[in-house]
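The values are calculated or read from the model by the stated rules, or taken from the named source; none is laboratory data. It should be emphasised that the depicted structure is a prediction, and the values quoted were computed from it without experimental measurement. Reconstructed Cβ throughout: ideal geometry from the backbone, glycine too, with neighbour counts over all protein chains shown. Heavy atoms of the whole protein, side chains included, go into the accessibility calculation; ligands, DNA and RNA do not. Shrake-Rupley method; radii C 1.70, N 1.55, O 1.52, S 1.80 Å.
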Amino acid sequence: MSERLKLYEEKMEKTMKNLDGELGAIRAGRANPHVLDKITVDYYGTPTSLQQVANIQVPEARMITIAPWEPSMVKPIVKALLVSDLGINPSDDGRVIRLVFPELTEERRKQLVKDVKKKGEGAKVAVRNIRRDGNEMLKKLKKSDEVSEDVVADEEEKLQKITDKFIKKVDEAVEAKTKELLTI
């Protein structure tokens, strides 16, 4: 593969990593510590990720415990969890914060599946936009007569194969998350 196409493949890989992160943050009936990845806490005036101020564990299938390194951080962490979009009320004993995840209702599962599919479509659009940028670059090369038409056609075909590979990966990730959400 040419160096020209490497750049576009790397961009598609980043899109895939981003999708994986977004899908990981969607909670299916089980407790998943990745739902806390985007939560930041006010740590002495600085927004800091929750993982940097506390130990996060999953002692049971539907519970996450958060043990702050400093006892004074319990209240700011609880506050950050309440304003987040988790929709779970934290309980604490002054030292450890517990998040108990309720079973998802059928309606909520269907809504989450819709969200997953929407995120998957967004990732596919991003991959196709990267392909479009790559094709535009190849057309400019063809016009400038830097490379032959055969080389450009070959590169376009390779770029399409890379795109197809990532579209398939997106579909597989969405399907896996959908299956996870619908499994009771």
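Some points to look at:
- Each 10 Å bin from 0 upward holds the following percent of the Cα-Cα pairs of segment 76-165: 13, 24, 17, 15, 14, 12, 4, 0.
- Where GluC sites (Glu not before Pro) fall in DSSP loop in segment 81-177, at most 10 other Cβ within 10 Å: E103, E146
- Whole-Hz couplings from phi, Karplus 6.51/-1.76/1.60, listed for segment 10-20; x for Gly and Pro: 5, 5, 5, 5, 5, 4, 5, 4, 4, 4, 4
- Remark: the Cα gyration tensor places segment 18-71 in the oblate category, a/c being 1.5 or greater and a/b not exceeding b/c.
- Percent RCO, i.e. relative contact order, over segment 33-160, from Cα pairs under 8 Å lying at least 6 residues apart: 15
- Ordering of 82-88, 70-76 by packing [mean C-beta count within 10 Å, highest first]: 70-76, 82-88
- If a spin label sat at a point 7 angstrom from the Cα of V58 along the line to its beta carbon, the backbone N atoms of segment 84-115 nearer than 16 Å would be those of 99-104.
- With every protein chain in place, the chain: carbon and sulfur % of accessible area (1.4 Å): 51
- Each of the chymotrypsin sites (Phe, Trp or Tyr not before Pro) that DSSP puts in a loop and that has at most 16 other Cβ atoms within 10 Å breaks the chain; the longest unbroken stretch is 70-184.
- The HN-Hα couplings worked out from phi for segment 132-142 by the Karplus form 6.51 cos²θ - 1.76 cosθ + 1.60 (θ = phi - 60°) are 4, 4, x, 5, 5, 4, 5, 5, 5, 4, 5 Hz, whole numbers, x standing for Gly and Pro.
- Dipole orientation for segment 55-139: of the candidates A61, V74, A126, A126 has the Cα lying most toward the positive pole (charges on Cβ; Lys, Arg +1; Asp, Glu -1).
- With a simple spin-label model that places each label point 7 Å from the Cα along the Cα-to-Cβ direction, the separation between S2 and V100 comes to 6.1 nm.
- Per residue, the solvent-accessible area of segment 30-95 (1.4 Å probe, heavy atoms of protein chains only, all protein chains present) comes to 61 Å².
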